[in-house]
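S.K.: Once you've had a glance at the structure underneath, I'll fire off some questions.
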């Protein structure tokens, strides 16, 4: 890694696996990443679409990054892109997901786009964190690509996310885009004046309940996490093979008003395999690998909505983190495998009728709306967005 900025070098040390000294003596790098944020491309001369560029040359083993900004995430995602090409050739599925493991050695995977809560939900004090963001699934099980975590910090609190909050406050952690008081140097995690994309980059061992081996067996549960701002998706649902393919290729979440300039009402975001910008092969390739592994190892796949209930953004409210954590615990402890379910009328997924510790009304999004007809209209609208996205994906 060759970086223009010193804090980028610290970011690299925090986020990538740190070899031991004896490993470094025989280390022969396969790729060199050169990050120069002050450099901009000239589209007319260089043939790029904008001044921003991330160029990967597999033959020479070089990545060149010039983004016109200092966002450090481009560095780690460039190598994730490389792995998305190389690993399927070695029968390993690369995954944009977090992972944790219980005392029973059962592994859970959490797929989700930024802001959905996958980092928060995987940093569960009753389980050990394997990794925060990028993993591979091989014939031996799953393993972490990284040596650190890159958590969003906007509106983070000590009460709701104690493990991440403590890691964010530790010496050596890199805070990115976070506003702080210039006198006291105390960060203000509620301040989104620069961007909603505020970040904390720290070594995985800063999470006290981390499994430093970075490895686990084959997953028992796979969870797709979406933050549905339309208030339509159920808080939890079980998926069959065709639904796994549909929701994995959709990679859905929603932007809410205020997250980006010009966004005044909920907008859907679709990112194939929850990782569209970093996919080198066809999304169908990765979806096929996931379904094959899920079936071979008898894993159950779930859709989890961490977004709005009782109405869309601005009318309803976001489901409480306590209820979401309770649902996730029930999933990973296999308490929902054989419970009674009902069919969701919108997407046909199977929704548990009861989850211990969660009010039944929370589990039925239509019943939580004051106006059932308004829910039906919103549901039809969201469903059409999903199908339009799938048609565009097939055409691509």
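Taken together, the values in this text are just the output of simple stated rules run on the coordinates, not laboratory data. No experiment lies behind these values; they were computed from the predicted model shown. Glycine gets a Cβ as well: all are built from the backbone with ideal geometry, and neighbour counts include every protein chain shown.
S.K.: Just for the range 92-396, what percent of DSSP beta bridges are antiparallel, to the closest 5?
M.R.: On the way: 42 of 55 bridges.
In the range 92-396, approximately 75 percent of DSSP beta bridges are antiparallel ones.
S.K.: Relative contact order of the chain: what whole-number percent is it, with Cα pairs under 8 angstrom and at least 6 residues apart? It would help to have the intermediate numbers written out before the result.
M.R.: Numbers: 783 pairs, mean separation 56.1, N = 396.
Once normalised by length, the contact order is 14 percent.
S.K.: Measuring from centroid to centroid over Cα atoms, what is the spacing of the range 112-159 and the range 308-334 in Å?
M.R.: Between the Cα centres of the range 112-159 and the range 308-334 lies a distance of 18 Å.
S.K.: For the range 272-396, what does the alpha-carbon gyration tensor say about shape, rounded, prolate or oblate, given a ≥ b ≥ c as the root eigenvalues, a/c under 1.5 as rounded, and a/b over b/c as prolate?
M.R.: Working: a/c = 2.02, a/b = 1.23, b/c = 1.65.
Cα axes put the range 272-396 in the oblate bin.
S.K.: From the convex hull of the Cα coordinates of the chain, what is the mean projected area in square nanometres?
M.R.: Numbers: hull surface 83.0 nm².
Approximately 20.8 nm², given one-decimal rounding.
S.K.: Now, a different point. With angles folded into 0 to 90 degrees, how steeply does helix 321-332 sit against the dominant principal axis of the chain? Use alpha carbons for both and round to 10.
M.R.: Taking the Cα atoms of the chain, the angle to 321-332 is about 90 degrees.
S.K.: So, one more: Let me know the shape class of the range 22-72, please: from the alpha-carbon gyration tensor, a ≥ b ≥ c as square roots of the eigenvalues, rounded when a/c is under 1.5, otherwise prolate if a/b is greater than b/c, or oblate. Before the final figure, lay out the partial values.
M.R.: Numbers: a/c = 4.53, a/b = 2.04, b/c = 2.22.
Because a/c hits 1.5 or more and a/b fails to exceed b/c, the range 22-72 counts as oblate.
S.K.: On to the next question. Once you have a ≥ b ≥ c as the square roots of the Cα gyration tensor eigenvalues for the range 283-327, tell me rounded if a/c is under 1.5, and otherwise prolate or oblate according to whether a/b is larger than b/c. Present the calculation step by step, with values, prior to reporting the outcome.
M.R.: Values: a/c = 5.16, a/b = 2.20, b/c = 2.34.
Because a/c hits 1.5 or more and a/b fails to exceed b/c, the range 283-327 counts as oblate.
S.K.: Something else: Which order do 273, 149 fall in if you start with the one that has the fewest other Cβ atoms within 10 Å? Before the final figure, lay out the partial values.
M.R.: Values: 273 25, 149 30.
Fewest-to-most Cβ neighbours within 10 Å comes out as 273, 149.
S.K.: Then there is this: How far, in degrees from 0 to 90, does helix 6-15 lean away from the longest principal axis of the Cα atoms of the chain, to the nearest 10?
M.R.: The answer is roughly 50 degrees.
S.K.: Write down the Kirkwood hydrodynamic radius of the range 44-158, to one decimal in angstroms, obtained as one divided by the mean of 1/r over all alpha carbon pairs. Intermediate values should be presented prior to the final figure.
M.R.: On the way: mean 1/r = 0.0620 Å⁻¹.
Over the range 44-158, the inverse of the mean reciprocal pair distance is 16.1 Å.
S.K.: In which sequence would 236, 56, 353 go, from the one with the fewest C-beta neighbours within 10 Å to the one with the most? The partial results should precede the final answer.
M.R.: Values: 236 25, 56 18, 353 12.
By the 10 Å Cβ count, ascending: 353, 56, 236.
S.K.: Still on this structure, please answer the following. Using Cα springs under 10 Å in a Gaussian network model of the chain, which residue among 226, 169, 98 shows the largest mean-square fluctuation?
M.R.: Sorting by GNM fluctuation, first place goes to 169.
S.K.: Tilt of helix 241-250 relative to the longest C-alpha principal axis of the chain, in degrees (0 to 90, nearest 10)?
M.R.: So the inclination is approximately 50 degrees.
S.K.: Let me ask something else. Please arrange 157, 9 by counting, for each residue, the other beta carbons lying within 10 Å of its beta carbon, fewest first. Present the calculation step by step, with values, prior to reporting the outcome.
M.R.: Details: 157 12, 9 15.
Starting with the residue having the fewest Cβ neighbours, the order is 157, 9.
S.K.: Between the range 34-95 and the range 348-396, how far is it from one alpha carbon centroid to the other, in angstrom?
M.R.: 36
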